[in-house]
Amino acid sequence: MSARGQMLDAIRRSLKRGPLTGPARDAAEARLAAPVRGPVPKRADLDHAGQVALFCQWAETNNASVARVGAGEVPAEIAGWLKRNNLPARAAMAPSAELDRYDWASQKLLELRRGIAVPDDQVAITGAFAAIAETGTLVMASGPGHPVTLNLLPETHVVVLREQDIVGGYETVWERLRAAYGRGAMPRTVNTITGPSRTGDIEQTIELGAHGPRRMHIVVVRP
C-alpha cells in the first residue's frame with residue numbers, strides 16, 4: 001500500500017468508518033474520473049483578448065510590472081527592463097525548452113546561467129504553466145525545466161508568459177494540469193503567485209519582499 005493509501009486508511013479508522021466499498025467507492029471513483037467543475041466568477045467570463053487584458057490589469061494592481069511584446073522582442077525587453085531599473089544584467093534562468101526558443105544571444109551584455117537559484121542570484125527568469133485573469137495570478141509547475149527555487153530565492157523575478165497560457169479562472173488551470181500530467185499524477189509543487197511577495201503583519205503596512213521576490217516583471221508574449 002502506498003503512503004497516501006496508509007494515510008487515508010488511518011483517517012477513515014479515526015472516523016470509525018469501514019473500508020470504502022460498494023456504491024460509496026463507485027461514487028468516489030466516478031467523481032475522480034470526471035471531476036465536477038466549480039463555479040466560475042463572472043469577472044473572468046470574457047473572450048480571450050478580454051482575459052489577457054484583465055490579467056495584465058490585475059497583475060499591475062498587485063504590484064507587478066507588465067510588458068506585452070512579440071516573441072522576437074523578449075530578450076531585448078528583459079535586458080532593457082533590468083537596465084532601466086538599475087539591476088544587474090545577470091540572471092539564473094529556468095532550463096526550459098520554451099525559454100530556449102528566444103534569441104538570448106542577441107543581448108551581448110545579458111549573462112544567463114541555466115539551473116537552480118543560489119543565494120547570490122539577484123534575478124531569476126522563468127516561464128509559467130498558466131496565468132489566471134480573474135486575480136492576476138501566475139501558476140508555476142515545478143519540474144526539471146522549472147526549479148522551484150527560481151520562484152522564491154532571487155529578489156527579482158522576471159516571468160515570460162505566453163498569451164495563450166492565460167485563462168479565465170482557477171478551474172481551467174486544474175483542467176489543464178490534469179490534461180498535461182495525466183490521471184493520478186501531478187508536479188511535485190504547484191505555486192500560485194500573485195505579484196511580488198508581500199506582508200502587512202507589522203502595523204498593517206505593506207512590505208514587499210517578505211517571503212520571496214520584492215520585484216516581479218511579467219513579459220506577456222503575443223503569438
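Listing for the model above:
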| quantity | calculated |
| --- | --- |
| Subset of region 119-137 (residues that are surrounded by fewer than 20 Cβ atoms within 10 Å (Cβ to Cβ) and closer than 21 Å to A79 by Cα) | D120, Q122 |
| Residue selected from region 1-47 under the condition hydroxyl-bearing (S, T, Y) and either in a loop (DSSP other than H, G, I, E, B) or in contact with an Asp or Glu (Cβ under 8 Å, 6 or more places away or on another chain) (or both), by the criterion modelled with the highest pLDDT | S2 |
| Criterion (under 23 Å from the mean Cα position of the chain (by Cα), of a type outside the set (D, E) and surrounded by 11 or more Cβ atoms within 10 Å (Cβ to Cβ)) met by exactly one of P39, P35 | P35 |
| Selection status of A92, among the small types (G, A, S), at pLDDT 95 or above and in a loop (DSSP other than H, G, I, E, B) | no |
| Filtered residue count, region 61-95, keeping only those that are closer than 11 Å to V160 by Cβ and among the β-branched types (V, I, T) | 3 |
| Qualifying residue in region 111-124 (condition: of a type in the set (K, R) and under 30 Å from P35 (Cα atoms)) | no |
| Residue in region 48-68 that is surrounded by the most Cβ atoms within 10 Å (Cβ to Cβ), counting only those that are among the β-branched types (V, I, T) and part of a helix (DSSP H, G or I) | V52 |
| Tally, over region 1-17, of residues that are of a type outside the set (V, I, T) and within 22 Å of M186 (Cβ to Cβ) | 10 |
| Residue within region 67-75 that is acidic (D, E) and more than 26 Å from the chain's Cα centre (by Cα) present | no |
| Region 99-110 - residue that is in a loop (DSSP other than H, G, I, E, B) and among the aliphatic types (A, V, I, L, M) and, of those, farthest from L161 (Cα to Cα) | L109 |
| Neighbours by Cβ (under 8 Å, 6+ apart or cross-chain): first from region 139-165, touching a residue at least 24 places away in the same chain (Cβ under 8 Å) and over 17 Å from V220 (Cβ atoms); second among the hydroxyl-bearing types (S, T, Y) and surrounded by fewer than 17 Cβ atoms within 10 Å (Cβ to Cβ) | A141/T189; S142/T189; V148/T189 |
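Each row is one residue, and each column tells you yes or no for (1) under 15 Å from V219 (Cα atoms); (2) in contact (Cβ under 8 Å) with a residue 40 or more places away in the chain; (3) among the aliphatic types (A, V, I, L, M).
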site	(1), (2), (3)
A89	no, no, yes
A92	no, yes, yes
P95	no, yes, no
E111	no, no, no
R114	no, no, no
P119	no, no, no
I125	yes, yes, yes
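The values are calculated or read from the model by the stated rules, or taken from the named source; none is laboratory data. The structure presented is a predicted model; accordingly, all values stated were derived computationally and were not measured. Cβ: placed from backbone, ideal geometry, glycine included. Neighbour counts: every protein chain shown.
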